[in-house]
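Working notes for the structure below.
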Amino acid sequence: MDTPPSQPGAGRADGPPVRIGALVPLTPPGWVEAGRHLLAGLELAVHEVNEAGGIGGRPLELVVRDTAADPHRAAAAVDDLAGLGVAALAGEYHSVVARAAATRADALGLPFLCSSAVLDALTEQPTEWVARLAPAQSRGWRIYADFLLDAGHGRVAVATQPSVYWASGTGILRDRLAARGGTVVELDMTALTPAALCDELAGSGATALLLLVGQPEPAVPIVRAARRDRRLAGMLIGAPAGQPEFAGWAGSLGGDGAGIPFLRYLPERLGPLGVRVGTALRERLAGEPSFVAFEGYDTVAVLAEVLRSHGVERARVAGAWPDVAVEGTRGPIRFSGVPGIGVRQWAWPPIQVADRDPADPGRFRTLHTG
């Protein structure tokens, strides 16, 4: 996957397709913009695989199912795709949804390479059927907590909604800050309006507010309210889950959406493969590709290599995770066992804390790396 694709028509694959099932949030309440980026990366890589001759001369085919951020819908999609004879599953952005898909894939004996979900407990029990490209939440959010502490933020407020993902993130932040004398103040957005949240913040002693809530609601109204409250002047607003990465954030908030640090899984500089793929993704998306688009591309790059080298039988695909050695868009990809994580894990993708430059909200700044 690190060589440019062949010219159109050259070496094009023929014969019965090798199918990969793709789980992607494409309709609300799923994060549609993230789903669109994920799908763009998946589709670009499939196109390049087929232009280069496919899988042993057979075309690679992506069979897409919209999860709409619904765990039950995702589990049903896994059943559907298994029945269609896919060799493996790819994708999914939302952690709770990916967990439902991974659990079902494990039960069915269907290999699943998770692209973007970070929840540590992707499966209840250890399994060899599932592997993951995205870093575990515990790693990324600890790096984010270190960034906050290094910047002098020892008392941090978190605006939260009920979710296993948000609860897990809050726990990671609380433990990391406590280890260095910091504290977390939890504010429940099921009981507070954005204005009431500002009232709570003004008397909390916190110097940073983290958005552990959905996008655009209620994240966008919270940012607007906090930016306009003079009592909160100088308070850092952060979004570790990555909301400011996407153009929709800047479109909704303009300058108010700048200067809000978030986690992204990119190196400070892309290598030649990443630069080439980034250019192609930019054309497909008619805009700047997020790290999620690169995750989609890398997912298919890995699966294509496994299918070429180990065949399309499901058990052989799953058994190949320890043997993977693929040059991805963001660095060399290998999977290993990580203590406390029950799936094969890329340990680790590059992680950075970045924000949109207040002087130019279309430009990203790297603030911290881990």
Residue-count net charge about G152 - beta-carbon cut-off 13 Å; Lys, Arg +1, Asp, Glu -1: 0
Per residue solvent-accessible surface (Å²) - region 217-295, probe of 1.4 Å: 40
Range of Cα positions in the chain per principal axis (Å), largest first: 67, 42, 34
Charge context of D323, other residues only, Cβ under 13 angstrom, K/R +1, D/E -1: +2
Listed residues A52, A347, A195, most fluctuating in the chain (Gaussian network, C-alpha, under 10 Å): A195
The chain, accessible surface, carbon-and-sulfur percent (1.4 angstrom probe): 51
Gaussian network model of the chain, springs between alpha carbon atoms under 10 Å - residue of P216, P240, P25 with greatest fluctuation: P216
At q = 0.14, 0.17 Å⁻¹, base-10 log of I(q)/I(0) for region 28-137 (Debye sum, equal scatterers on each alpha carbon): -0.55, -0.80
Cβ-based net charge around A286, under 14 Å, with every Lys or Arg adding one and every Asp or Glu removing one: 0
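The values are calculated or read from the model by the stated rules, or taken from the named source; none is laboratory data. Treat the numbers as computed from the prediction; the structure is a model and nothing was measured. When we count neighbours, we look across all protein chains shown, and the Cβ atoms used for this are built from the backbone with ideal geometry, even at glycine. Protein only, heavy atoms only, side chains kept; ligands, DNA and RNA dropped before computing areas. Shrake-Rupley method; radii C 1.70, N 1.55, O 1.52, S 1.80 Å.
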